[in-house]
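The values are calculated or read from the model by the stated rules, or taken from the named source; none is laboratory data. Quick caveat: nothing in here was measured; it's all calculated off a predicted structure. As a convention, Cβ positions derive from the backbone with ideal geometry for all residues, glycine included, and neighbour counts pool all protein chains shown.
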Amino acid sequence: MFYEGNQELSNFLGWVSIACWLVVYSPQIIENYVLQSGEGLSVSFVAIWLVGDLCNLSGAMMANLIPTIIILGTYYSVCDAILLFQIYYYRRKKAQRAARLLAADEAEESTCCNEESPLLPGDGRAEVSTKKSMSKDTLKFVSALLFVFGVGLAAWAVDRHIHRGMPRTRPEEVIEWRSQLLGWISAALFLGARIPQIVKNLSTRCEGLSPFLFVYAISGNTTYVLSILAASLNIKHLAANAPWIAGSALTVFLDLFVLYQFFCFRLEDDRRADEVERSE
C-alpha cells in the first residue's frame, strides 16, 4: 500500500532528478568556455567523477537496465570527458600564447619597459573584481532551482499523460552482488572526488568554478534519494538501493560544504571591497 500511494510522488521526484542531472554540467562547461580556462576545477575531481560514472554505466549495462539509464550514464561520461578536455586544452592554449609572447619580448630585447608578466587574454583571471551581492546570487540559485523543478514537472506531466489509464507494475528487485559492488565503488568514488576539489578551492578561492554545478548536483541527488524513499520503505527495497542512497545522500553534504566555501570567499571579497571604497 505504501508503494501504491506514493508512486506519483516517486515519479515526479525522479523526473526532477533527471532534469537536474541533464543540466548539471552545462554551467561549468559554459564557465570554462567564457573564461577560456578550466583551472577552477580539480583534475582529480573530474577524473574520479568520470570513473564513478563509468562504474555506474557498466553496472547498468550488466544488469540490463532500461535504455534511459544507460543513455544517461553515457551522457554523464561524455560530459566528464568534455570537462577534462577543456582543462588540458585551455592549459595548452595558454602555454602556447605565453611562448609566443616570450618570443616576441626576446625579439624586441625590451629590458626596462615592464618587469611584470603580462596578463594573458582569456586566462580566466581578471585584475578588476566586481562586487556581487549575496542577494543577487541567492536569486540566481532560486531561479535555477525553479527552472529545473519546472522542467521536471513538465516531464512528469507528459509521462503521466502518456501512461494514463495504464497500470504501472513494480519490477521485482533482486540484490545482485556485482551491481551492488559497482554501486558501492561508484558511491565511494563520488564522495572521494569532492575532497581534491575542496582542497583546491582553498588556494583558488573558487575562481573559475561554477556554483550552479553543485546547486544542480545537490538538487539531483536529493530528489533522487527522495524518489527511492517515496517508492517504498520496504527493507528489501532499501537494501537493493543502499549504495545509491548512501552515495547520493553523503555527497550532498560535501557539495553543501563547497557552496559554503563559495559564500565565505564571496563575503570576504565583499568586505575587502567595502574597505577599499571607504579608504578612497
> All but one of (1) modelled with pLDDT of 80 or more; (2) within 27 Å of Val158 (Cβ to Cβ); (3) surrounded by fewer than 19 Cβ atoms within 10 Å (Cβ to Cβ) hold for Ile66; which doesn't?
Replying inline: (1)
> So, of the residues in the range 19-46 that are closer than 22 Å to Gly183 by Cβ, in contact with a helix residue (DSSP H, G or I) (Cβ under 7 Å, 6 or more places away or on another chain) and assigned to a helix (DSSP H, G or I), which turns out to be modelled with the lowest pLDDT?
Replying inline: Trp21
>> Being more than 13 Å from the chain's Cα centre (by Cα) and either part of a helix (DSSP H, G or I) or more than 20 Å from Val23 (Cβ to Cβ) (or both) is the requirement here; does Ala193 meet it?
In response: no
> Any idea which of (1) under 20 Å from Ile185 (Cα atoms); (2) over 15 Å from the mean Cα position of the chain (by Cα); (3) surrounded by fewer than 17 Cβ atoms within 10 Å (Cβ to Cβ); (4) of a type outside the set (S, T, N, Q) is the one Ile245 doesn't satisfy?
Replying inline: (3)
> Just one of Ala217, Ala246 is touching a residue at least 12 places away in the same chain (Cβ under 8 Å) and farther than 21 Å from Leu83 by Cβ; which is it?
Replying inline: Ala246
>> Quick check on my filter: what residues within the range 195-213 are at pLDDT below 90, out of contact with any Pro (no Cβ under 7 Å at 6 or more places or on another chain) and within 24 Å of Pro243 (Cβ to Cβ)?
In response: none
